[in-house]
Every structure is written in structure tokens, then in C-alpha cells.
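Following: one structure in C-alpha cells, then a few remarks.
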Amino acid sequence: MTLLDGTSTAVQGSSLDFGTASGATAIIVNVGSIGDGTAAAVANAAKAAYVVADVNGDAATGRLGEHVVFIGTNNGGDAEIWAFQAPLSTVTVSGHAVQVPVNGADLNGNQVVDSTEITLVATLIGVPATSLNAADLA
């Protein structure tokens with residue numbers, strides 16, 4: 001798992017390795033303040049903190065498409081965790097069906113994170129994102 005800070009310098013998605021179906025790489029980007037915590041506010045923060053890689057996976061080889069988790073702190077001081085990934089596809093790894101993101105997360109292909117491309121995973125009440133480290137999110 002990798003926790004990256006996008007609050008001062010945007011994380012370049014093209015420099016990341018998203019792994020394979022048999023060895024996915026969990027990438028988390030701290031986007032900082034996310035205002036009211038709506039998808040639109042999170043997408044705006046993510047646009048400043050993360051540059052879309054536009055990487056598609058390959059189901060035949062098991063290479064995964066772009067997938068990132070964003071964390072940030074809302075106005076209430078709570079950490080929110082948002083997923084940026086395409087719908088999961090089924091691939092076969094060592095004879096077992098595995099659900100993984102094979103297509104790229106930038107579903108509309110406009111090279112930025114949009115509110116329709118992210119999904120709220122969890123809200124950690126009373127826990128600011130700045131207090132979390134990679135071990136906390138594993």
C-alpha cells in the first residue's frame with residue numbers, strides 16, 4: 001500500500017504502477033480539504049491533487065487499469081475515503097475468478113477526476129485524514 005500526499009504537489013498518475021490481478025497495488029492519495037464532502041467537492045480537490053493517468057488494464061495479461069483511493073478531511077473534521085476506479089471486471093488468475101478494475105477510471109476520457117467517477121467508501125467520524133497513515137488504511 002502506498003499513501004501519497006497530493007496537497008502540495010499533484011501526484012502524477014502516469015508514474016504509478018497499478019499492479020496485476022494477482023498483485024494489485026493499493027494507491028491512496030491525500031487530497032487535503034474536501035469542503036462539504038460532496039462528490040463535487042471531492043472531485044475538485046482530487047483534480048488539484050492527482051493527474052489522471054488514463055491507464056487501461058489488460059484482462060488477458062491481468063494488468064490492472066488505473067485505480068486510486070482519495071482521502072480528505074471534510075468541514076466537520078471527518079476523514080472521507082473515495083474510490084476512483086472503473087467497474088470491476090472478472091479475470092482468471094491461477095484458475096480462480098477474480099474481480100479487478102481492468103478499464104481505466106477516467107470513464108468519460110476527459111483526463112480529470114469527475115464527481116460521477118468517484119464513489120464514497122467510508123466516512124471516519126472524528127478522524128481527520130491528516131492523522132491517518134498507510135498502516136491505518138491497510
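Read the figures in this text as sums done on the coordinates, not as results from a lab. These numbers were taken from a predicted model, which means no experiment stands behind them. Heads up, the Cβs are rebuilt from the backbone with ideal geometry, glycines too, and the neighbour counts pull from every protein chain shown.
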Exercise. For the chain, what is the relative contact order in percent, using Cα pairs closer than 8 Å and at least 6 residues apart in sequence?
Worked result: 26
Problem set entry | Environment charge of Val127, counting only residues whose C-beta is closer than 14 Å and scoring Lys/Arg +1, Asp/Glu -1 | -3
Seminar exercise, completed: Taking Lys and Arg as +1 and Asp and Glu as -1, residues besides Ile27 with C-beta under 14 Å from its C-beta add up to -3
For this session: Using only Cα atoms, find the angle between the long axis of helix 39-49 and the longest principal axis of the chain, and express it within 0 to 90 degrees, rounded to the nearest 10.
Result: 80
Exercise. For Asn56, what charge total do you get from the other residues with a beta carbon under 12 Å from its beta carbon, if Lys and Arg give +1 and Asp and Glu give -1?
Worked result: -3
For this session: Starting from the Cα-Cα distance between Gln99 and Thr2, subtract it from 0.36 nm times their residue separation and give me the gain in nm to one decimal.
Result: 32.8 nm
Problem set entry | Two-site label geometry, Thr61 and Val112: point separation in nm, points 7 Å out along Cα→Cβ | 3.1
Problem set entry | Label of the coordinate-derived value, percent of Cα pairs over 25 Å apart, listed as (1) 42; (2) 33; (3) 23 | (3)
